[in-house]
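S.K.: Here you go, one structure.
The values are calculated or read from the model by the stated rules, or taken from the named source; none is laboratory data. Quantities reported herein were computed from a predicted structural model and do not represent experimental measurements. Every residue, glycine among them, receives a Cβ derived from its backbone with ideal geometry; neighbour counts consider all protein chains shown. Surface areas here come from the heavy atoms of the whole protein model, side chains and all, with no ligands, DNA or RNA. Shrake-Rupley method; radii C 1.70, N 1.55, O 1.52, S 1.80 Å.
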Amino acid sequence: MLVLDYHLIANQDRHKGNFGAVRNVETPEFQGFAPLFDCGTSLRYDTPDAYIETDLNIESQPFCSFHNEQIRLVKHPERFNLSALQGIPQEIQVLFEDERAKAYIPSSRAEKIIQVIIMRIQMLEKFFS
């Protein structure tokens, strides 16, 4: 959750009501974590295009005030296969090129968002190395 919110989507609203656990309905036994949900305050959703910067230390929740502090809570970064992030910016570019996306997201904004993602992947690789 911390890695996704930090490196890929720059989510600013992962408060304690935005993640959860799955329990067995018959017993209170913990089954695992729920899939992540409520990511609506991501990818600089409320920032005008002219103010989107790639290297912002974005505010975060629930454990620290900023993502650059919160990412340090990841105990075992070696568990993450960062090579799986290769190609993510290109996949997002394809999504932005869809006519339905173009109707809502200007190409100038799409380009800035992709640059944010590229920079955050690089920041994560640097942090984890």
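S.K.: I'm told residue 43 meets every condition in (1) more than 19 Å from residue 15 (Cα to Cα); (2) of a type in the set (A, V, I, L, M, F, W, C); (3) in contact with a helix residue (DSSP H, G or I) (Cβ under 8 Å, 6 or more places away or on another chain) except one. Can you identify the failing condition by its number?
M.R.: Of the numbered conditions (1) more than 19 Å from residue 15 (Cα to Cα); (2) of a type in the set (A, V, I, L, M, F, W, C); (3) in contact with a helix residue (DSSP H, G or I) (Cβ under 8 Å, 6 or more places away or on another chain), the odd one out for residue 43 is (1).
S.K.: Farther than 20 Å from residue 121 by Cβ, modelled with pLDDT of 85 or more and of a type outside the set (Ser, Thr, Tyr): does that describe residue 62?
M.R.: Answer is no for this residue.
S.K.: Something else: Quick one: in region 76-99, of everything that is farther than 18 Å from residue 117 by Cα and at pLDDT 90 or above, which residue is least open to solvent (accessible area, probe 1.4 Å)?
M.R.: 98
S.K.: Right, next: For region 1-58, give me the residue count where each residue is in a loop (DSSP other than H, G, I, E, B), closer than 20 Å to residue 123 by Cα and open to solvent by 40 Å² or more (accessible area, probe 1.4 Å).
M.R.: Residues in region 1-58 being in a loop (DSSP other than H, G, I, E, B), closer than 20 Å to residue 123 by Cα and open to solvent by 40 Å² or more (accessible area, probe 1.4 Å): 8 in total.
S.K.: Taking residue 73 as meeting all but one of (1) over 27 Å from residue 126 (Cβ atoms); (2) surrounded by fewer than 13 Cβ atoms within 10 Å (Cβ to Cβ), write down the number of the exception.
M.R.: Among (1) over 27 Å from residue 126 (Cβ atoms); (2) surrounded by fewer than 13 Cβ atoms within 10 Å (Cβ to Cβ), the lone unmet condition for residue 73 is (1).
S.K.: So which residues in region 76-89 are outside any helix (DSSP H, G or I) and either within 13 Å of residue 1 (Cβ to Cβ) or in contact with a helix residue (DSSP H, G or I) (Cβ under 8 Å, 6 or more places away or on another chain) (or both), if there are any at all?
M.R.: 80
S.K.: Which residues, taken from region 100-127, are of a type in the set (Gly, Ala, Ser) and either on the phi > 0 side of the Ramachandran plot or open to solvent by 30 Å² or more (accessible area, probe 1.4 Å) (or both)?
M.R.: Passing the criteria: 103, 107, 108.
S.K.: Applying the selection to region 92-115, what residues are assigned to a helix (DSSP H, G or I), over 17 Å from residue 42 (Cα atoms) and free of Cβ contacts under 8 Å to residues at least 40 places away in the same chain?
M.R.: Matches in region 92-115: 94, 97, 99, 100, 102, 107.
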